[in-house]
Amino acid sequence: MVIALGSNSFKDPSNKPELVDNKGVALLTDEAKAAGVKQVVLISSAGVTKAKPGEGDFAKIMYNVMSSKLEGENYLRKSGLS
C-alpha cells in the first residue's frame, strides 16, 4: 500500500496538517493493518525530522506541517508494518 497525503490549509482551512498528515496516516495505517496489508510505503517530506519553529506566519505553518508529518511517520513506524 502506498500513502501519499498532503494537507493544504491555504486553499481549505479545514484541511489541516493535524487531520491529514498525522491522523490521516494513522487511520490508513490502522485500516491497512486490519486488512492484512504487510507493507506500507509512506511518501512524506524531506526535512521532517529536522523541522524547527521559525519566525513569521509561513515558518509557523510549515513547522506545523512538518511536525504533523513526523507524528504520522512515527505512528506508522510503531505499527509493526514494514
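Read-outs: derived from the displayed coordinates by stated rules, not from any lab. Note that the coordinates shown come from a computational prediction; the quantities given were computed from them, not determined experimentally. Neighbour counts run over all protein chains shown; Cβ positions are idealised from the backbone, glycine included.
Over the chain, what is the relative contact order in percent, taking alpha-carbon pairs closer than 8 angstrom and at least six residues apart?
Over the chain, the number comes to 38 percent.
Using a cut-off of under 12 Å, list every residue of the stretch 1-21 whose amide N is near the label point 7 Å from the Cα of Glu31 along the Cα-to-beta-carbon line.
Output list for this probe position: 2-4.
Extending each Cα 7 Å along its Cβ direction at Tyr63 and Gln39, get the distance between those two points in nm, one decimal.
Going from the Tyr63 label point to the Gln39 one covers 3.8 nm.
Excluding same-chain pairs closer than 8 in sequence, count the lysine pairs in the chain whose Cα atoms lie under 14 Å apart.
8
Relative to the longest principal axis of the C-alpha atoms of the chain, give the angle of the C-alpha long axis of helix 57-78, reported between 0 and 90° and rounded to the nearest 10°.
The answer is roughly 10 degrees.
For the Cα atoms of the chain, what angle does the longest principal axis make with the long axis of helix 25-34, in degrees from 0 to 90, nearest 10?
0
Near the amide H of Ile3, under 5 Å away, which other amide H atoms are found, from residues 5 or more places off or on another chain, if H is placed in the peptide plane?
Those qualifying (amide H under 5 Å, at least 5 residues apart or on another chain) are Val41, Leu42, Ile43.
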